[in-house]
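Note sheet for the following structure.
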Ligand SMILES: [Zn+2]
C-alpha cells in the first residue's frame with residue numbers, strides 16, 4: 001500500500017480535535033476491514049462514547065459507529081435524551097443514524113465527508129432539511145473532510161483489489177502528537 005499522504009493533522013480548533021478522535025476510531029475499523037467510519041460523542045467537552053463501524057464483526061447492518069455511540073452515551077449519561085452533546089462522525093450519517101440522532105435529541109452534529117450513496121444530510125436525502133417540530137439540531141459539515149474521505153477511498157480501492165488487501169495504516173497518518 002502506498003504511504004498515506006502527510007495530512008496536516010494538528011487540530012486548529014475543538015471541532016477538529018474531536019474529529020481526529022473520530023478518525024482514530026475510523027482507522028480501527030479500517031484495520032479490521034470494516035468500512036472505516038468512526039464517531040465520538042462529546043458531553044461537557046469530554047468524550048463519553050467512542051465507536052467505529054462493526055457491521056462485519058457483528059454481522060449487523062445497524063452496527064454503525066453513530067448507533068453504537070448513541071447506545072454507549074445513553075448508558076454513560078443514564079438517560080436516553082442526550083442533551084448537551086455533540087456527535088462527531090467521520091462520514092455524513094445515513095438515514096438510520098440521522099433518525100436515531102433525532103430520537104436521542106442530540107443537539108449538535110459535526111460530520112466529515114459526504115456519503116454519496118447513503119448520506120441523509122443532503123447527499124441522498126436530507127432528514128434535517130425541514131425543521132423538526134420538537135427538536136432543533138445544529139450541524140457542521142466538512143470538518144477534516146480530506147482526512148475522512150481519504151480513509152474511505154483507500155478502503156474501497158483496496159477492497160476492489162482483494163485479495164491483495166493489506167491491513168494497517170501507517171503511523172504517520174496520525175502524527176498530531178498524541
Ligand atoms: Zn449510519
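Under the criterion of Cα pairs below 8 Å and six or more residues apart, the relative contact order for segment 22-170 equals 21 percent. Arranged from fewest to most other beta-carbon atoms within 10 Å of their beta carbon, 134, 90, 85, 9 become 134, 9, 85, 90. Note on segment 99-148: Cα-Cα pairs beyond 19 Å make up 25% of the total pair count.
Given their separation in residues at 0.36 nm each and the Cα-Cα distance between them, residue 160 and residue 79 gain 25.0 nm when the chain is fully extended.
Can you compute the FRET efficiency between residue 12 and residue 60 using 1/(1 + (r/R0)^6), with r the Cβ-Cβ distance and R0 = 35 Å? Round to the nearest 0.05.
Details: r = 36 Å, r/R0 = 1.03.
The formula returns an efficiency of 0.45 here.
Using the alpha-carbon atoms, what tilt in degrees (0 to 90, nearest 10) does helix 65-77 show relative to the longest principal axis of the chain? The angle comes out near 50 degrees.
Measuring nothing but how far apart in sequence close Cα pairs (under 8 Å, 6+ apart) lie, relative to its length, segment 21-108 scores a relative contact order of 27 percent. Ratio of Rg to Rh for segment 16-70, alpha carbon only, Kirkwood? Result for segment 16-70 is an Rg/Rh of 0.99. Using just its DSSP H runs of length 4 or more, each adding -39500 (n - 2.57), the chain gives a mean residue ellipticity at 222 nm of -10500 deg cm²/dmol after division by all residues.
The angle between the Cα long axis of helix 145-160 and the longest principal axis of the Cα atoms of the chain comes to about 60 degrees, rounded to the nearest 10. Across the alpha-carbon atoms of the chain, the computed radius of gyration and Dmax are 15.6, 50 angstrom. The stretch between residue 136 and residue 33 holds 33.5 nm of extra length on full extension. This uses 0.36 nm per residue minus the Cα-Cα distance. Beta bridges per DSSP, both residues in segment 49-170: antiparallel share near 10 percent. The distance between label points at residue 95 and residue 45 comes to 4.0 nm (points 7 Å beyond Cα on the Cα→Cβ vector). Ordered by the number of other Cβ atoms lying within 10 Å of each residue's own Cβ, fewest first, 111, 80 fall into the sequence 80, 111. Counted by neighbouring Cβ atoms within 10 Å, the residues 160, 105, 50 run from fewest to most as 160, 105, 50.
Read-outs throughout are calculated quantities, based only on the coordinates presented, and are distinct from any laboratory measurement. None of the values given here were measured: they were computed from a predicted structure. When we count neighbours, we look across all protein chains shown, and the Cβ atoms used for this are built from the backbone with ideal geometry, even at glycine.
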